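Let me begin by presenting the structure, written as structure tokens, before commenting on it.
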Amino acid sequence: MKKKRKSKPRIYVELTAVWGNDDVDSTIKVSRRRWQQIQDGAEYSHSVCYWYEGERYSAYWHFAEGKVSIGSDDGMECVVDAPVNELLVYVNTPD
């Protein structure tokens, strides 16, 4: 029987944007490398779901030139060209 190699827990960065009257938010997870690229101005897009008043929506994140824009599947522009340093950032560091 082959022994399974334990893999190291992945470290990731959670990015959260808040909009409206600070009552709506969306969070995505990216690798530390991707986060560094985003901060350096790289282009990157990702979509996730979020909830608002019991309804589920899709949020479309787009990064470019150190800024982030987020749109919703209902056509709303939630965040437009905000500097990425305004995002709430949490780095998970497994024990």
Check your understanding: When the range 33-73 is examined, which residues are found to be surrounded by 12 or more Cβ atoms within 10 Å (Cβ to Cβ), among the charged types (D, E, K, R) and either modelled with pLDDT under 95 or in a strand (DSSP E or B) (or both)?
Key -> LYS67, ASP73
**Study point:** Flag if ASP22 is on the phi > 0 side of the Ramachandran plot and either under 11 Å from the mean Cα position of the chain (by Cα) or exposed (fewer than 14 other Cβ atoms within 10 Å of the Cβ) (or both)
**Key:** yes
Exercise for review: Scan the range 74-89 residue by residue and report those that are more than 16 Å from ASP40 (Cα to Cα) and exposed (fewer than 12 other Cβ atoms within 10 Å of the Cβ).
Suggested key: ASP74, GLY75, GLU77, VAL80, LEU88
Review point. Right, PRO94: closer than 19 Å to ILE11 by Cβ and surrounded by fewer than 16 Cβ atoms within 10 Å (Cβ to Cβ) or not?
Key: yes
Exercise for review: Tell me, please, whether a residue that is farther than 29 Å from SER7 by Cα and in contact with a Lys or Arg (Cβ under 8 Å, 6 or more places away or on another chain) can be found in the range 69-80.
Suggested key: no
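The values are calculated or read from the model by the stated rules, or taken from the named source; none is laboratory data. Since the model is a prediction, treat every value here as computed from it, not as a measurement. Note that each Cβ is placed from the backbone with ideal geometry, even for glycine, and that neighbours are counted across all protein chains shown.
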